[in-house]
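In what follows, a single structure is set out as structure tokens and then discussed.
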Amino acid sequence: MLRKIIAAVAATTAVFTATVPMAAQAQYYGGRYEQVRDWRGDRGYYGDRGYRRDGYYRDRGYSRDRGYYRGDRGRCRDKGTGGTIIGAIAGGLLGHEIGNGRYDRGDGTTGEDVTANVRTIADIPQTLNGAVPDIFEVRGEVYMAKDDFTALNARLLAEADDPDKARQFANPRNAAAGSLRQKDPSVTAARPLRFLAHGWGEASALPADTQKGVMDAIAAWGLPVSDDLIRVDGATQALSHYRGIEARRADLPFDIDGVVYKVDRLDWQKRLGFVARAPRWAIAHKFPAEKAQTLLRAIDIQVGRTGKLTPVARLEPVTVGGVVVTNATLHNADEIGRLNVWPGDRVMLQRAGDVIPQIVENLSRDEARGNWPFPSTCPECGSAAEREPGEVDYRCTGGLICPAQRVERLRHFVSRHALDIEGLGLTHIESFFRDGLVQSPADIFRLTKDQLATRERWAETSASNLVAAIDAKRAPPLDRFLFALGIRHVGEVTARDLARRYRSWDALNAMIGRAIAARDEAVQAVGEPDEKFAARVAKELAAIVETPGVGPEVALALVDFFAEPHNREAVDDLLSQLAPADVIHETRQSAVSGKTVVFTGTLETMSRDEAKAQAEALGAKVSGSVSAKTHLVVAGPGAGSKLKKASELGIEVIDEAAWARIVAEAD
């Protein structure tokens, strides 16, 4: 199945991630636009999108994974320098002018309208050639060629009144990002932006049944597509194409960092499906990272929102892959010990995935010295820094008394992938916290125009805009609300899974209450070791949470967060200011709607994930265990204890063929 592969060149120079929800399927949310199509990157390597109707999920594309195009970095966060845009086609015309779509940049779920700026890009036609489907989303990358980037910096320098203060972009990616984000389209028009189409999203009809065929059709319509997009047979041809592109990498007009391989047949893509963040049918093959030597000036310690102490290397500025690097993460104390680095050492630096700076080697002479002394106290509040058994990270034990943790939690709460409150960045958070205006997330929603307008560098208009942006987030999606709380181990994917499982805050909160009660009532058996008791309790909590992808460690972290009185008070206070929106999951009416289904044994025509997705799309709940609440068991070859228990309980049991008929007969 995997022998037919598409190889596509990655163009990493492009700019800002942009999404274009089509008017017929977009929901207005807080001044931005939400799209309902799923958009996932490949497994951390490549950023092509998936197309599933289970919510539009942020792609991890181009910036951190370098696929054919760049996706959100926050994808890097600083994370926002991907360059994907989506253009809606209707009736052979592109974009906003006919009211059927808009070019947006954003985080993959919501986007800001950049239609006027995109229209200035000469590569993007307004009218397409030939027969075009009624509705078709073209996804592509805006970028700036290397020669154009050099010329732009030279022009900005020549036009500056003071050459020492002239605007100079660090690399083509940043230049393209800044150009696409301009409020004045005439500024964008003066910048040499280019475009390459790399894929598609929503479509009323597809012009072909293969990846290459659809891309050929997009090119025939008049949209630019990479010349290095080809169809190959097998790994040998794919690797040959990779090596050919690598050999001329330096001579390409834009920066790249790898090649992407995709399964060509679209029906196979659908069968292969997705993991949490990536399609199974696409993967990126990176080029070796560029390296450079520099001096390690100092090691600073940063305190995150969960109390994690992260060592950061302060470096003598050095250019790596066209980017000036001054800082690099050292991850943890073990990494410092492995490298045996001290301030003053010469180090070898590379940008992981051509994005994240990291030290890979200590070039200083070996000396008889110990490891750099990692601090035993928090540099922000002085509380003890401890490392739990089995973990590599030291964490501040100060909790909410630690100002760094409180500020970082507030910053996380308003960040792009959490509540995404526009205009409320780190500078304002720190200022409001320092002055006592905001001490908790709920305080953000208590800010008034009068409070803000009297502050230095604030005026009535800016104060009104921020208050309006805050008010627009009083009914956030449940998954964003949960992620915004900053619960340890609960990232975007886990928050989304919990939200889809429980659909409403009331249902989720009720489950948490049951889990807390179970934890408090657990009794350690006589002679049971502490670690074994803790593991047993965590496993029981995971069974109560009963959400795919949520294991004992995550379940324990979730319960511990809400069981902590200060956290519960903060959440209750926050809920007095906002109301998380229920999850609306479209399903088809079927014979299993509202019922609980269990799959057991070997599934021969589909994966377990595919079966689960089918059941949920039919309105069923999928469980991992058989009980009296189970309505149906789908049993394949090798079914064991679950099949036996179903028989004992008199639960209906069917085979995979019968399940396929249920799916086919659904409305």
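The values are calculated or read from the model by the stated rules, or taken from the named source; none is laboratory data. Owing to the predicted nature of the structure, the values given are computational and were not obtained by experimental measurement. Here Cβ is always computed from backbone atoms with ideal geometry, including for glycine, and neighbour counts include all displayed protein chains. In case anyone asks, the SASA skips ligands and DNA or RNA and just uses the protein heavy atoms, side chains included. Shrake-Rupley method; radii C 1.70, N 1.55, O 1.52, S 1.80 Å.
Summary of computed values
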| read-out | value |
| --- | --- |
| Residue count, segment 541-593 (criterion: open to solvent by 60 Å² or more (accessible area, probe 1.4 Å), more than 21 Å from residue 493 (Cα to Cα) and of a type in the set (Asp, Glu)) | 3 |
| Residue that is farthest from the chain's Cα centre (by Cα) [pool: residues in segment 371-381 that are open to solvent by less than 50 Å² (accessible area, probe 1.4 Å) and more than 18 Å from residue 335 (Cβ to Cβ)] | 381 |
| Within segment 289-309, considering residues that are part of a strand (DSSP E or B) and among the basic types (Lys, Arg), the one least open to solvent (accessible area, probe 1.4 Å) | 308 |
| Count - residues of segment 232-274 that are among the β-branched types (Val, Ile, Thr), farther than 25 Å from residue 144 by Cβ and surrounded by 15 or more Cβ atoms within 10 Å (Cβ to Cβ) | 2 |
| Residue 439 vs. criteria at pLDDT 90 or above and part of a helix (DSSP H, G or I) | no |
| Count of segment 606-644 residues which are out of contact with any strand residue (DSSP E or B) (no Cβ under 9 Å at 6 or more places or on another chain) and among the charged types (D, E, K, R) | 2 |
| Counted residues, segment 505-540 - those being outside any helix (DSSP H, G or I) and open to solvent by less than 40 Å² (accessible area, probe 1.4 Å) | 2 |
| Looking only at segment 455-492, and only at residues there that are buried (at least 18 other Cβ atoms within 10 Å of the Cβ) and among the charged types (D, E, K, R), the one that is farthest from residue 441 (Cα to Cα) | 492 |
| Among the residues listed as 347, 323, 312, the single one being open to solvent by less than 40 Å² (accessible area, probe 1.4 Å), modelled with pLDDT under 90 and not acidic (Asp, Glu) | 323 |
| Residue within segment 359-369 that is closer than 30 Å to residue 440 by Cα and among the β-branched types (Val, Ile, Thr) present | no |
| Test result for residue 137, of a type outside the set (Phe, Trp, Tyr), touching a His at 6+ places or on another chain (Cβ under 7 Å) and open to solvent by less than 10 Å² (accessible area, probe 1.4 Å) | no |
| Output for segment 399-436, where each listed residue is assigned to a loop (DSSP other than H, G, I, E, B) and surrounded by 18 or more Cβ atoms within 10 Å (Cβ to Cβ) | 402, 414, 415, 416, 417, 418, 419, 420, 421, 422, 424 |
| In segment 493-504, residue nearest to the chain's Cα centre (by Cα) [restricted to those that are surrounded by fewer than 18 Cβ atoms within 10 Å (Cβ to Cβ) and of a type outside the set (S, T, N, Q)] | 493 |
| Members of segment 568-583 that are touching a residue at least 60 places away in the same chain (Cβ under 8 Å) and not acidic (Asp, Glu) | 570, 571, 574, 575, 576, 577, 578, 579, 580, 581, 583 |
| Which listed residue, of 150, 127, is among the polar types (S, T, N, Q), within 20 Å of residue 253 (Cβ to Cβ) and open to solvent by 80 Å² or more (accessible area, probe 1.4 Å) | 150 |
| All helices (runs of 4 or more DSSP H) inside segment 173-288 with 3 or more residues being farther than 18 Å from residue 125 by Cα and modelled with pLDDT under 90 | 234-247, 266-272 |
| Matching entry among 420, 479, 471 (being of a type in the set (Asp, Glu) and in contact with a helix residue (DSSP H, G or I) (Cβ under 7 Å, 6 or more places away or on another chain)) | 479 |
| Odd one out for residue 78 among (1) open to solvent by less than 60 Å² (accessible area, probe 1.4 Å); (2) at pLDDT below 80; (3) over 27 Å from residue 205 (Cβ atoms) | (1) |
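Conditions tested, residue by residue: (1) surrounded by fewer than 20 Cβ atoms within 10 Å (Cβ to Cβ); (2) free of Cβ contacts under 8 Å to residues at least 40 places away in the same chain.
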{"site": "163", "(1), (2)": "yes, yes"}
{"site": "172", "(1), (2)": "no, no"}
{"site": "185", "(1), (2)": "yes, no"}
{"site": "188", "(1), (2)": "no, no"}
{"site": "194", "(1), (2)": "no, no"}
{"site": "211", "(1), (2)": "no, no"}
{"site": "219", "(1), (2)": "yes, yes"}
